[in-house]
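I have placed the structure first, in the form of structure tokens, so that the comments after it can refer back to it.
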């Protein structure tokens, strides 16, 4: 029997696989996106990305989400795994690999009503983030 991600549980909660990307510009700043009104955790700042769809790898998810959300194009060899988050929310458990990407094409444009901001890693703590994203900041501070 083959299990899909929606059928996997951790500690009695549904496992949600989400991929995120620390998009880094030539000045060493990282792009953050603010969750728009009407979405869960609205107003919080996060790394671009989204849910990994059935049959999709996390890298394919990042490429799709960057294109859909902010009009950025990149390729799998340009995505390097950096770290991951594992966080238990009330009704699901989130597993989120974080990739870093320095090579991309296009200019980030908000395509889903979200605000975008290029931020230096040491200033990221000034932006309220979801509980799963905030612990990833030190990895970027140490790297950049």
Sort 118, 45 so that the residue with the fewest other Cβ atoms within 10 Å of its own Cβ comes first and the one with the most comes last.
118, 45
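Using the alpha carbons of the chain, what is the convex hull volume per residue in cubic angstrom, as a whole number?
Spelled out: Cα convex hull of the chain, divided by residues, is 112 Å³.
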Between the helical axis of 58-70 and the dominant principal axis of the chain, each derived from Cα atoms, what acute angle in degrees is found, rounded to the nearest 10?
50 degrees
Give me the percent relative contact order of the range 49-130, please, defined on Cα pairs under 8 angstrom at least 6 residues apart.
25 percent
For the chain, with a Gaussian network of springs between Cα atoms less than 10 Å apart, report the residue from 23, 98, 82 with the top mean-square fluctuation.
82
Surface/4 of the Cα convex hull for the range 59-144, nm²:
6.2 nm²
Counting only C-alpha contacts under 8 Å and six or more residues apart, can you give the relative contact order of the range 5-143 as a whole percent?
30 percent
For a label point 7 Å from the Cα of residue 118 along Cα→C-beta, name the residues of the range 29-64 whose backbone N is under 11 Å from it.
29-31
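Quick note: the coordinates plus some simple rules give every number you see, no bench work behind them. No experiment lies behind these values; they were computed from the predicted model shown. Cβ coordinates were reconstructed from backbone atoms using ideal geometry, including for glycine residues, and neighbour counts include every protein chain displayed.
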